[in-house]
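The values are calculated or read from the model by the stated rules, or taken from the named source; none is laboratory data. Please read all numbers here as calculations on a predicted model, not as lab measurements. We place every Cβ from the backbone using ideal geometry, glycine too, and count neighbours over all the protein chains shown.
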Amino acid sequence: MIRSAALALALLTLAGPAGAVEATVSAAQITRFKGAELDQRVDKLIFRGGMTLQSPDDTFGGLSSVTQTGDNQRIAFVTDRGHFVSGQLAYDEADRLFGFIGVIIEPIQNSAGQPLPRQYARDAEGMDTIWRDGVPAAVRVSFEHLTRVADFSIHDGRPGGPAREVPIPQWLTDLRTNESLESICIAPPASPVAGSTILITEEALDEDGNHRGEMLGVEDRGPFTYFNSPIVNPTDCAFLPNGDLLVLERGVSLFSFAMNLRRVPAAEVRPGNLMRGELLLSAQGAEIDNMESLMVHRTPGGELRILMGSDNNFNGWQRTMILEFALPE
């Protein structure tokens, strides 16, 4: 159930580069999911609530991936029209998510420091944060169509500046579709492949019909595969602090969206392996939308949460949703 009254949130006054837009975003809280109330078990997770987001700014939407970019719940999304959408998650005294404030929308830049010139180059689909000494230093972004990976600096919790291209294998570069490089995440210190970048494709399949992937690391480098489930494809990934890999899967079933969230044990995240994840959560129909974003973070109250968001494709009949869950103790 969604509360009928939307909460309009004030903007933070932030100075930005040319092309940056301050966007007003309103939120309506979600308090039920798959018949469960707040704090009740849903499949193998605990539902902590969520919200739907709306904005009169026509550049707000198409949110394809999300990552933490600073303290005090600072986050950023990338969009499939080539923008960074930065802001702050707002929580109430009960540690419930209720808003997205201080929202700044700005164009993603190419290596020359200019906005990406055409839509073929703008389709950003995955993003994760590079941490140095416990501080978010940059984001690493994956793109479809013109398939590539690039890093962008973080300043004041907002990613931006000229792109710094990251070398990827030729087989990935050769992919030129909107079903190529969908997911990117970076292994945390506790992982056996700490520091390695994980790339998972959406529809680039091997001879056994599984999703092809690549691991970029100093010692942990090379291809792997991810098990292909019926209907759904991997659309984002994120690591738990212990090194387990979460993979968000999304598809369409009987004219409605479907999604799965799976957990791959840390020991199975390695080059040359076929990764199969334990199913933690599944949903379809009106409970969800086009779920594409995945992030693991801690709330102001200190709880580890799994956040999932939807890409509305800039369609009026779709929603921008954010859902949060906790892992049982």
Practice item. Return only the number of the condition from (1) aliphatic (A, V, I, L, M); (2) over 20 Å from the mean Cα position of the chain (by Cα); (3) more than 21 Å from Leu327 (Cα to Cα) that Leu216 does not satisfy. Key: (2)
Check your understanding: Here are Phe224, Phe239: which of them is touching a residue at least 24 places away in the same chain (Cβ under 8 Å) and in contact with a Cys (Cβ under 7 Å, 6 or more places away or on another chain)?
Key -> Phe239
Review point. Is at least one residue of the range 259-276 farther than 27 Å from Lys44 by Cβ and surrounded by 14 or more Cβ atoms within 10 Å (Cβ to Cβ)?
Key: yes
Point to revise | Criterion (surrounded by 21 or more Cβ atoms within 10 Å (Cβ to Cβ) and either touching a residue at least 60 places away in the same chain (Cβ under 8 Å) or within 30 Å of Glu214 (Cβ to Cβ) (or both)) met by exactly one of Leu327, Leu294, Leu304 | key: Leu294
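Limited to the range 169-200, what total is found for residues that are assigned to a strand (DSSP E or B), under 17 Å from Ala150 (Cβ atoms) and either of a type in the set (Val, Ile, Thr) or free of Cβ contacts under 8 Å to residues at least 40 places away in the same chain (or both)? It would help to see each step written out before you state the result.
Initially, the range 169-200 is screened for residues assigned to a strand (DSSP E or B), giving 181-186, 197-200.
Subset that is under 17 Å from Ala150 (Cβ atoms): 181-186, 197-199.
Next, only the ones that are either of a type in the set (Val, Ile, Thr) or free of Cβ contacts under 8 Å to residues at least 40 places away in the same chain (or both) stay: 184, 186, 197-198.
Total satisfying the criteria: 4.
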Practice item. Only one of these is in a strand (DSSP E or B) and closer than 23 Å to Asp80 by Cβ: Phe224, Phe152. Name it. Key: Phe152
Check your understanding: In the range 47-80, which residue that is of a type in the set (D, E, K, R) and within 15 Å of the chain's Cα centre (by Cα) is surrounded by the most Cβ atoms within 10 Å (Cβ to Cβ)?
Key -> Asp80
Review point. Of the residues in the range 95-134, how many are of a type in the set (D, E, K, R) and assigned to a loop (DSSP other than H, G, I, E, B)?
Key: 5
Exercise for review: Could you check how many residues of the range 91-132 are charged (D, E, K, R), without any contact (Cβ under 8 Å) to a residue 60 or more places away in the chain and closer than 29 Å to Gly217 by Cβ?
Suggested key: 3
Check your understanding: Looking only at the range 303-313, which residues are within 16 Å of Asp289 (Cα to Cα) and at pLDDT 95 or above?
Key -> Leu307, Met308, Gly309, Ser310, Asp311, Asn312
Exercise for review: Name the strands (runs of 3 or more DSSP E) wholly inside the range 266-314 in which the number of residues that are within 16 Å of Ile75 (Cβ to Cβ) is 3 or more.
Suggested key: 291-298, 304-310
**Study point:** Qualifying residue in the range 135-144 (condition: touching a Ser or Thr at 6+ places or on another chain (Cβ under 7 Å), assigned to a loop (DSSP other than H, G, I, E, B), of a type in the set (Asp, Glu) and surrounded by fewer than 23 Cβ atoms within 10 Å (Cβ to Cβ))
**Key:** no
Exercise for review: Kindly provide the set of residues from the range 270-286 that are under 19 Å from the mean Cα position of the chain (by Cα) and not polar (S, T, N, Q), ordered by number.
Suggested key: Gly277, Leu279, Leu280, Leu281, Ala283
**Study point:** Leu199 being closer than 19 Å to Asn178 by Cβ and either out of contact with any Pro (no Cβ under 6 Å at 6 or more places or on another chain) or surrounded by 20 or more Cβ atoms within 10 Å (Cβ to Cβ) (or both)
**Key:** yes
